[in-house]
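The values are calculated or read from the model by the stated rules, or taken from the named source; none is laboratory data. This one's a predicted model, so the numbers in the text were calculated from it and none came from an experiment. With ideal geometry, Cβ positions are generated from the backbone for all residues, glycine too; neighbour counts draw on all protein chains shown.
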Amino acid sequence: MRKYERVYATVDLDALHFNMESMKGNIADGTRMMAVIKTNAYGHGAVKLAEELENLDYLYGFATATFEEAMELRSNGITKPILVLGYTFPETYAGMIENEIRPAVFRLDQAEEFSKKAVELGKKVYFHLAVDTAMSRIGVRPDDSSLETVEKIAALPNVEMEGVFTHFSKADMIGRENTLGQIKKFSNYIEKLKERKIEFKIHHCSNSAGIIDYREANMDMVRAGITLYGLWPSNEVRRDIIDLKPLLALKSHIVYIKYIEPGEAVSYGGTYTAEERRRVATIPVGYGDGYPRSLSNKGYVLIRGKKAPILGRVCMDQFMVDITDIEGAAEGDEVTLIGRDGDEEISMEILGDLSGRFNYELSCDLGRRIPRIYIKDGKAVDVRDEFRDVVKIQ
Ligand SMILES: *Cc1c(COP(=O)(O)O)cnc(C)c1O
């Protein structure tokens, strides 16, 4: 396999299974799981992860944010149900129905259009009704005013009301009142629909934070996102309930080393100026790869198990670090941007804190220039490289 010395991410598939089992161990016996693999599985590579999870019997299926993401899974042979969590647009309805991709439904005109298409195609469409209990994002409002709309939706031809779901806005925060209130609102609304003979097979509301902290919200299914990847929803969720292992590490290599003299500056804008002689290494990665520019003069990487602070601004494709105190550091040395080196570890959460950004955002932003190398039993078993077809080195 290519060495990918400029940059690569390793994605540990054993950790993926560890996290799944860990979550499974914390939910009720009859509760199934849905793997949320939107945004290319939060940057980890949706197709490979779906292939890896497809055969788990307690997995109902997958969730994506868009039709296109769902189709990427289908065209790679993924057969389990896929739910598109956001609004779906009319031009995609035929494709949604033909590929049995489930839409989140919350507008009557949307449901009618879906039903019409399903009748034309002689197929059924499986709806998951979105209920807005706090986000004010998508979903029917859970009050009497929407009951009639849902009744109309349920009565449409070629429609099956397979699921009903809501989404927590504060389950990752300290204080249980809001989330318990949402669960109650959701349950009451489902009761009211039941009185009108509208019933669903799958009720679901938990995200990762809910899986960890709200067993009362398990219902028929839970939607695991960030925890699949071994990352925490926030600094406020309890860490003593389940164990998680991060999947991803990001590595590069030193490409150039030089000394700079007092008064010499580093990178755009000269925001760092040396006060004494410094040994400086260049790393060939930048914000064009999704490595945050806000780490300028704030972040650090690991070289030979030691911290090397970032000097000056992170450029689009390169940045510089101070290796004055790292004995023996040499061109070609491995550089850890995310992950472990010896006793030190840069987690996505640490990187989030240093950059003033959100751990979810950081992993989603890891760019297409970074090949993902999949690891099992400590060995590379597969690689997803967007440039594979145009580059001869393999
Ligand atoms: C993204 C998303 C999830 C997963 O959220 P995590 O916090 O990553 O677990 C679950 N449900 C919905 C509706 C989402 O949009």
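Between a residue in the stretch 329-351 that is touching a residue at least 60 places away in the same chain (Cβ under 8 Å) and any residue that is surrounded by fewer than 14 Cβ atoms within 10 Å (Cβ to Cβ), which pairs come within a Cβ distance under 7 Å, given they are 6 or more apart or on different chains?
The qualifying pairs are 331/256.
For the stretch 122-137, what are the residues that are more than 10 Å from residue 166 (Cβ to Cβ) and surrounded by fewer than 18 Cβ atoms within 10 Å (Cβ to Cβ)?
Passing the criteria: 122, 123, 124, 136, 137.
Report yes if residue 152 is charged (D, E, K, R), more than 16 Å from the ligand (Cβ to nearest atom) and in a loop (DSSP other than H, G, I, E, B), otherwise no.
Considered against the rule, which asks whether it is charged (D, E, K, R), more than 16 Å from the ligand (Cβ to nearest atom) and in a loop (DSSP other than H, G, I, E, B), residue 152 comes out as no.
To keep it simple, each residue is scored yes or no on (1) more than 10 Å from the ligand (Cβ to nearest atom); (2) in a loop (DSSP other than H, G, I, E, B).
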position: 163; (1), (2): yes, no
position: 167; (1), (2): no, yes
position: 183; (1), (2): yes, no
position: 193; (1), (2): yes, no
position: 199; (1), (2): yes, yes
position: 205; (1), (2): no, no
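Restricting to the stretch 18-49, and then to whatever is β-branched (Val, Ile, Thr) and part of a helix (DSSP H, G or I), can you tell me which residue is surrounded by the fewest Cβ atoms within 10 Å (Cβ to Cβ)?
Among those residues, the one meeting the criterion is 47.
Between residues in the stretch 185-197 that are crowded, with 17+ Cβ neighbours inside 10 Å and residues that are part of a helix (DSSP H, G or I), which pairs lie under 8 Å by C-beta distance while being six or more apart or on different chains?
Every condition considered, the pairs that remain are 193/147; 193/150.
Could you check how many residues of the stretch 113-141 are away from the ligand (no atom under 16 Å from the Cβ) and closer than 26 Å to residue 220 by Cα?
The total comes to 7.
Being under 24 Å from residue 370 (Cα atoms) and away from the ligand (no atom under 14 Å from the Cβ) is the filter here; which residues of the stretch 41-66 pass it?
45, 47, 48, 50, 51, 52, 53 - these are the residues of the stretch 41-66 that are under 24 Å from residue 370 (Cα atoms) and away from the ligand (no atom under 14 Å from the Cβ).
Any idea which residue in the stretch 138-161 is modelled with the lowest pLDDT, counting only those that are loosely packed, with under 13 Cβ neighbours inside 10 Å and not charged (D, E, K, R)?
Once the filter is applied, the top-ranked residue is 145.
Of everything in the stretch 50-66 that's among the aliphatic types (A, V, I, L, M) and surrounded by fewer than 17 Cβ atoms within 10 Å (Cβ to Cβ), which residue is nearest to residue 220 (Cα to Cα)?
My answer is 56.
Can you name the number of the only condition in (1) surrounded by fewer than 19 Cβ atoms within 10 Å (Cβ to Cβ); (2) touching a Leu at 6+ places or on another chain (Cβ under 9 Å) that residue 107 fails?
The single condition residue 107 does not satisfy is (2).
Please tell me if residue 15 is surrounded by 22 or more Cβ atoms within 10 Å (Cβ to Cβ) and assigned to a helix (DSSP H, G or I).
In short, no.
Please find, within the stretch 220-241, the residue that is surrounded by the fewest Cβ atoms within 10 Å (Cβ to Cβ) out of those that are among the aliphatic types (A, V, I, L, M), more than 27 Å from residue 284 (Cα to Cα) and within 13 Å of the ligand (Cβ to nearest atom).
The residue in question is 237.
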